[in-house]
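Read through the structure below, which is laid out as structure tokens, and then see the notes.
The values are calculated or read from the model by the stated rules, or taken from the named source; none is laboratory data. Given the structure is predicted, the values throughout are model-derived calculations rather than measurements. Cβ: placed from backbone, ideal geometry, glycine included. Neighbour counts: every protein chain shown. In case anyone asks, the SASA skips ligands and DNA or RNA and just uses the protein heavy atoms, side chains included. Shrake-Rupley method; radii C 1.70, N 1.55, O 1.52, S 1.80 Å.
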Amino acid sequence: MELSQATEKRSTTVEARQPPCQKACPAGTNIPKYIRLILEGDYYEAWKVNRAANVFASICGRVCVHYCETDCKRKLIRPRDGETVDTRPVSIRGLKRFITDNLPPDYQERFLKEVLPIKKNGKSVAIIGAGPAGLVVANDLLLSGCKVTVYEALSQPGGMLRVGIPAYRLPPEIILEEVDLLKKLGMKLKLNTALGKDVKLAELKKKFDVVLIALGAHRAKLMKVKGEDLEGVFPGVDFLRKLSLGEDVNVQGKTLAVIGGGFTAADAARSAIRLGARSFILYRRGREEMPMDEEEVEGLFEENVPVYYLQAPIEILSEDGKKVAKLKCIKMELIEPEGGKGGRKVPVPITNSEFELEADIVIPAVAQAPDVSMLPDNFEINSEDFTSTEDGIFAAGDFHLGTTTNVIEVIGQAHKVSLAMLEYLGQEPELYSLPQKEEKVRQSPWYGEDPDRLGRKKKYGGWLSVSKTGFQEVEDSMTREMAEYEGTRCLQCDYFVCIDKEKCHRCGKCIASCPQDALVMVHTDPSPYQEDAWFSDGRWQSDKTSEVVTKPELCIQCGNCVRACPHLNITFDCNS
């Protein structure tokens, strides 16, 4: 089942006018708008702008991989001679967290007063899995009028957010607060209820109008090396789950070898040192290929966790045939993939480069996959439209993808699943729109009032209070002063240059003033049937044979063109 063509067309039209940070966000969060609201001091409305797309702003303010920052237009600024410009991105993730850390105490009550009561549509939905995918779909369908019941096998909601991310990065109370709001919206949550054991898929199909499977990917994949069955080999996802649920994890005084280059590997290594162990990471590729982001690598460096690149285990050794004693490794090199057509380089062993490392515990954190043992043998997922071979059963999140990914991608995908499920239920495939505050300013407020903002240097970078002594959060929130300063670094790219072409004299002064080449003069040949056209010098000519065309992807809202136009003919307008 595909999303309706009308919905896709609307989405394409809106995206064409989005700034690069919003386009880069899988959930489509309107980042410039909530930054403006921060600068107005209205943190509640800024949170609502986030929640309209993100749902879990407080969580993503801590653990999002922030694609938005990667695409921040600041990197495109071209300094003029003698000009100093900081092209590093705005700390968007930090600003998101600042909002949720400074919400008024009654924010949930205010929110519920605005959205309740919800008009019911008479449809019932079962969601299997209280991870980010299941909870986002629950939110969407609750706001659309459905009755939603979520089944979770674990004793705590949150899925991999709860049992896969340590408290020093994401405190459990943050997750519980988000779940609490969903429960106030009407979500029924049944914990300690596992599919296949406590509840059957066939039963859910009969009881509910539609079922979503969002079980996540909690099963660790093996490294497939000799000795992996020894005592002391402990998959990273299992290690973190036990730790998060308060089960006994005794690694004090031991040496842990963590295998992998992703967030699970970093979380396992950094958690181990907080439990009194020594840990190091082996990764078979180089730093550039590592899936974890710069902040996580910085955290490993600050906490003195060694990372050995281009090294891989080939055997886990034991002295008594029972327990792990050493790790036999080999050095790797990266080569071009077969055919030499580009793509990710392939790690291959270097002959005669074997060596051994002491280790009491080996933690593979190479990959994870969904557990499908409780599903029918012929059950399959359609990767294109989130449906399955069972009518009325959809799939979402890491379970749908077949591997682990990051929370913001799951949130973005979950919204699409919600639309598909609404369409299946015979409802309009459109998500509920939260009431939005009308913006005070339609004209870009930054280019004229703050001409020095281009030169403002990035100050906030997280990792401000690294501590290995416990599981308290390692990253400080922004202060109000810092948030306001960082917010003024935003170029407000959802404002676009608008030129009244009827009044434009085509003098070219705006083009000459633009440091980004975001304005160009385009010449066109008039039609001989054009009313003001005449023939001269072998061609048809007109007073309107040229026009100034804007390139929004290059514009940095510096306002030079506005000031340069002798006829006050250029303005900025916002698409939000």
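Taking a label point 7 Å from the Cα of Lys437 along the Cα→Cβ vector, which residues of the range 484-506 have an amide N closer than 15 Å to it?
484
With just the Cα atoms of the chain, tell me how far they stretch along each of the three principal axes, in Å, largest first.
96, 62, 52
Lys23: which aspartates and glutamates have alpha carbons under 12 Å from its alpha carbon, excluding same-chain residues fewer than 8 sequence positions away?
Cα-Cα hits under 12 Å: Glu15, Glu69, Asp71, Asp494, Glu553.
First obtain the Kirkwood hydrodynamic radius of the range 378-445 from its Cα pairs, then insert it into the Stokes-Einstein equation at 4 °C and 1.567 mPa s, and state the resulting D in µm² per second as a whole number.
Using the Kirkwood radius from Cα pairs, D works out to 91 µm²/s.
Mind checking the full-extension length gain between Leu554 and Glu298? Use 0.36 nm per residue of separation minus the Cα-Cα distance, one decimal, nm.
Residue separation times 0.36 nm, minus the Cα-Cα distance, leaves 89.0 nm.
With only alpha-carbon pairs counted, each pair once and no self-pairs, how large is the Kirkwood hydrodynamic radius of the range 222-266 in angstroms?
After inverting the pairwise mean of 1/r, the radius is 11.9 Å.
Counting pairs of alpha carbon atoms under 8 Å apart in space and at least six apart in sequence, what relative contact order in percent does the range 124-221 give?
43 percent.
Is there a pair in Lys242/Lys328; Lys197/Lys226; Lys331/Lys459 whose C-alpha atoms are over 30 Å apart, and which pairs would that be?
The pairs that break the limit, which is 30 Å between Cα atoms, are Lys197/Lys226; Lys331/Lys459.
Taking a 1.4 Å probe, which of Met332, Met160 shows the most accessible area, and what order do the others take after it?
Result, largest first: Met160, Met332.
Out of every Cα pair in the range 323-417, what percent are spaced more than 17 Å from each other?
Result: 71 percent of Cα pairs exceed 17 Å.
For the range 72-118 and the range 304-361, what is the separation of their Cα centres, given in Å?
Comparing the Cα centres of the range 72-118 and the range 304-361, I get a distance of 41 Å.
Once all Cα-Cα distances of the range 16-60 are split into 10 Å bins that start at 0, what whole-number percent is in each one?
31, 55, 14
Top to bottom by accessible area (1.4 Å), largest first, where do Ser542, Ser155 land?
Accessible-area ranking of Ser542, Ser155, largest first: Ser155, Ser542.
Would you mind telling me the antiparallel percentage of the DSSP bridges in the chain, rounded to 5?
Counting DSSP beta bridges with both partners in the chain, the antiparallel share is about 50 percent.
Rg over Rh of the range 211-363, using C-alpha atoms and the Kirkwood radius, what does it come to?
0.99
Where in the range 142-177 are there GluC sites (Glu not before Pro) that are in a DSSP coil and have at most 11 other Cβ atoms within 10 angstrom of their Cβ?
For GluC sites (Glu not before Pro) across the range 142-177 that sit outside H, G, I, E and B with at most 11 neighbouring Cβ atoms in 10 Å, the list is empty.
At most 16 other Cβ atoms within 10 Å and a DSSP loop assignment: could you name the trypsin sites (Lys or Arg not before Pro) in the range 197-253 that fit?
Passing both the DSSP loop test and the Cβ count: Lys197, Lys200, Lys221, Lys224.
Would the range 87-228 count as rounded, prolate or oblate if I go by the C-alpha gyration tensor, calling it rounded below 1.5 in a/c and otherwise prolate when a/b exceeds b/c, oblate otherwise?
It comes out oblate by the Cα gyration axes.
Of Tyr529, Leu375, Thr29, which is farthest on the positive side of the dipole of the chain, counting Cα position, with +1 on Lys and Arg Cβ, -1 on Asp and Glu Cβ, and the Cα centre as origin?
About the Cα centre, the residue reaching furthest to the positive side is Thr29.
Can you give the percent of C-alpha pairs in the range 290-332 whose distance is more than 16 Å?
56
Given a 1.4 Å probe and every protein chain left where it sits, what share in percent of the accessible area of the range 145-189 is carbon and sulfur?
With neighbouring chains kept in place, the figure for the range 145-189 is 52 percent.
In debye, nearest 20, what is the charge dipole magnitude of the chain about its Cα centre with +1 on Lys and Arg Cβ and -1 on Asp and Glu Cβ, if you could check?
In debye, rounded to 20, the chain gives about 540.
Expressed in nm to one decimal, what extension gain is obtained for the pair Lys184 and Thr403 from 0.36 nm per residue of sequence separation less their Cα-Cα distance?
That works out to 75.7 nm of additional length.
Tally Lys and Arg at +1 and Asp and Glu at -1 over the other residues with C-beta under 9 Å from the C-beta of Ala325: what net charge comes out?
Local net charge: -2.
Exactly which trypsin sites (Lys or Arg not before Pro) in the range 323-418 are in a DSSP loop and have at most 11 other Cβ atoms within 10 Å?
Taking the range 323-418 and a limit of 11 other Cβ atoms within 10 Å, the loop trypsin sites (Lys or Arg not before Pro) found are Lys341, Arg344.
Can you work out the FRET efficiency for the pair Arg563 and Gln530, with r the C-beta to C-beta distance and R0 = 41 Å, to the nearest 0.05?
The value I calculate is 0.75.
Does the range 156-234 classify as rounded, prolate or oblate by the C-alpha gyration tensor (a ≥ b ≥ c root eigenvalues; a/c under 1.5 gives rounded; else a/b over b/c gives prolate, otherwise oblate)?
oblate
Okay, helix-only estimate at 222 nm for the chain: each DSSP H run of n ≥ 4 adds -39500 (n - 2.57), divide by all residues, round to 500 deg cm²/dmol; what do you get?
The helix-only estimate for the chain comes to -8500 deg cm²/dmol at 222 nm.
More than 22 angstrom separation, counting every C-alpha pair in the range 173-289; what % is that?
When every Cα pair of the range 173-289 is considered, 54 percent fall beyond 22 Å.
In whole percent, what relative contact order does the chain give with Cα contacts below 8 Å and a gap of six or more residues?
Relative contact order comes out at 18 percent.
What FRET efficiency comes out for the pair Glu247/Glu40, r = Cβ-Cβ distance, R0 = 56 Å, nearest 0.05?
With R0 = 56 Å, the Cβ-Cβ based efficiency is 0.75.
Once you order the gyration tensor axes a ≥ b ≥ c over the Cα atoms, which shape class does the range 25-100 get: rounded for a/c under 1.5, otherwise prolate or oblate by comparing a/b with b/c?
Prolate, because a/c is 1.5 or more and a/b exceeds b/c.
Express the relative contact order of the range 361-442 as a whole percentage, based on alpha carbon pairs under 8 Å and six or more residues apart in sequence.
21
Mind checking which helices in the chain clear 24 Å along their axis (Cα) and have mean Kyte-Doolittle hydropathy of 0.0 or more, DSSP H runs only?
407-424
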